[in-house]
Amino acid sequence: MLISPARCLYAGILLIMCGSPVLAQSSAAPAGITLDSAISRALANSPELTTFGYQINARQGDVEQAGLRPNPELIVSIENAAGTGEFAGTDGLETTLSIGWILERNKRQYRVNAAMAGVSAMEVAAESKRQEVAAQTARLFLDSLVVQQRMELLTYSVALYEAEVEFARKRVDAGRLPRMNLTRSQATLEMVKLDLEDAEHELRTAIRRLAAQWGELQPDFTAISGDLRILPQPVDYDELLARVESNPELLQNLSESALREAELRLAQAVAKPSWRVTAGIRRHEQTDDVALVAGVIVPLATSDRNQGGIAAARARLAVTNAEREALQIRLKTQLFALHQELLHSLHQSGAFRDEIIPLLESVEADIQQAHESGRYSYRELWTVQSELVEARMASIEANANAHRMAIEIERLIGAPLSAAGKP
């Protein structure tokens with residue numbers, strides 16, 4: 001997400017950067033870092049963004065250097081000295097003192113234009129990098145949140161399997177169940193505990209990677225604050241396609257094209273020879289007189305002195321334009337694929353939210369009631385509870401995929417998606 005006065009991206013999992021509480025904190029989730037806080041930290045302290053400030057300063061120095069005029073020249077010449085006859089010694093000496101200037105014929109302005117285009121290109125590159133840093137922070141935040149919510153379900157699963165082990169032990173002790181059933185339940189419980197332990201390690205690693213976005217090696221938080229259930233709304237593909245021109249890579253290519261055009265104009269200007277003007281005074285030793293002198297030196301342009309540079313500049317401009325055409329095709333193809341994946345993920349999320357999970361919850365409630373009245377055993381209740389856990393786990397992944405597609409689409413179009421949904 002690019003956090004700038006003009007834009008606010010990654011609306012699918014954004015909290016309050018634009019004043020819209022898109023990502024609400026789950027009531028069951030522990031208090032932790034929010035997405036807006038993570039992105040703000042990353043943009044303020046990202047090691048990857050630090051170098052761009054220096055690079056922009058260097059380009060601005062190029063502009064200053066390009067605007068400097070050539071220094072005038074002081075020319076001293078002595079004629080008719082140490083000759084023969086009347087020119088013997090210094091009797092016929094003529095001394096000329098003059099100052100010379102180079103007339104650049106608009107070359108300085110072309111140099112300044114090229115240097116300023118370089119500054120603009122670097123600023124666009126920096127903005128593109130800011131968006132990429134924000135997008136990567138959003139991805140890492142999402143990964144951490146997914147692991148955290150998986151841990152919550154795994155913790156619940158451990159409790160279910162512990163209850164199953166206790167149930168099997170009582171049945172074995174009563175002689176109503178073979179011991180191998182208890183052993184099998186115990187093995188399953190240990191496997192789920194291993195899954196939970198793996199998730200705990202994965203969350204610590206994910207949090208460390210997230211904190212590294214702003215150069216922090218010891219995170220000051222241990223939890224993620226967010227709710228995956230609030231999903232981005234589907235957006236019409238044609239509407240997204242119309243916003244592809246805001247893609248950071250495309251904007252960067254356009255700024256590079258402007259730089260190449262400025263370099264071409266500069267190369268063409270360099271091909272024009274500079275004139276040299278001098279003015280001064282001359283002293284005649286014999287008559288003790290002085291006179292003004294002036295001169296203009298005009299190089300004869302018998303051939304194009306920079307034809308190679310002009311050809312190279314034209315070729316670089318053509319390469320940039322060709323890359324833009326290829327980039328547009330690639331971006332539109334990517335956008336179509338991401339849009340299809342977003343719609344598919346939203347469909348899956350809706351199916352879990354509106355159909356599969358409610359049906360399983362209804363079955364769980366019925367079996368719970370029947371179990372309490374003695375009409376169903378604990379095994380039937382435990383089975384449907386396990387199925388409900390699996391459905392919720394799949395729902396987490398479907399929700400996460402929808403958010404991932406939203407992040408990538410917003411990164412691609414350089415603009416936010418509308419976000420709304422119901423938990």
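A compact table of results
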| quantity | calculated |
| --- | --- |
| Dipole-positive endmost among Ser157, Val119, Gln369 within the chain (Cβ charges, Cα centre) | Val119 |
| Average Cα contact separation per residue, the range 195-341, under 8 Å, 6 or more apart, as relative contact order % | 24 |
| Simple Cβ-charge dipole of the chain, Lys/Arg +1 and Asp/Glu -1, about Cα centre, in debye nearest 20 | 300 |
| On Cα atoms only, tilt of 179-212 relative to the major axis of the chain in degrees | 20 |
| The range 113-164 - charge dipole about Cα centre, Lys and Arg +1 at Cβ, Asp and Glu -1, debye rounded to 20 | 260 |
| Sites Ile297 and Gln60, calculated FRET efficiency, Cβ-Cβ separation with R0 30 Å, nearest 0.05 | 0.30 |
| Helix-only CD estimate at 222 nm, as mean residue ellipticity for the chain, using -39500 (n - 2.57) per DSSP H run (n ≥ 4) | -22000 deg cm²/dmol |
| Percent accessible area from carbon and sulfur atoms, the chain, protein chains only, probe 1.4 Å | 54 |
| For the chain, with +1 on Lys and Arg beta carbons and -1 on Asp and Glu, the positive-most of Ser274, Gln131, Ala391 along the dipole | Ser274 |
| Per residue solvent-accessible surface (Å²) - the range 110-233, probe of 1.4 Å | 48 |
| Solvent-accessible area per residue for the range 279-375 (1.4 angstrom probe, square angstrom) | 67 |
| Read-out semi-axes √(5λ) of the Cα gyration tensor in Å, derived from the coordinates shown; its label in (1) 40, 24, 18; (2) 35, 29, 17; (3) 79, 22, 16 | (3) |
| Heavy-atom accessible area order for His339, His284, largest first, 1.4 Å probe | His284, His339 |
| Accessible surface of Val235 - all protein chains present, 1.4 Å probe, nearest 10 Å² | 20 |
| With Cα atoms, 0 to 90° folded angle of helix 47-66 axis to the chain main axis | 20 |
| Extension gain, Gln369 back to Glu387 (0.36 nm per residue minus Cα-Cα distance, nm) | 4.7 nm |
| ³J(HN,Hα), Karplus 6.51/-1.76/1.60, whole Hz, each residue of the range 348-354, x for Gly, Pro | 4, 4, x, 5, 5, 5, 9 |
| Rel. contact order, % - alpha carbon contacts under 8 angstrom, at least six apart, the chain | 27 |
| Among Ala168, Ser246, Gln213 - extreme Cα towards positive end, dipole of the range 165-278, charges at beta-carbon | Ala168 |
| GluC sites (Glu not before Pro) restricted to DSSP loop in the range 172-264 with at most 11 other C-beta within 10 Å | none |
| Most mobile of Ser274, Ser255, Ser157 in a GNM of the chain (Cα contacts under 10 Å) | Ser274 |
| Student exercise, the range 141-213 dipole from Lys, Arg, Asp, Glu Cβ charges, in Debye to nearest 20 | 260 |
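The values are calculated or read from the model by the stated rules, or taken from the named source; none is laboratory data. Since the model is a prediction, treat every value here as computed from it, not as a measurement. Backbone-built Cβ (ideal geometry, glycine too); neighbour counts: all protein chains shown. The accessibility values were calculated without ligands, DNA or RNA, using every heavy atom of the protein model including side chains. Shrake-Rupley method; radii C 1.70, N 1.55, O 1.52, S 1.80 Å.
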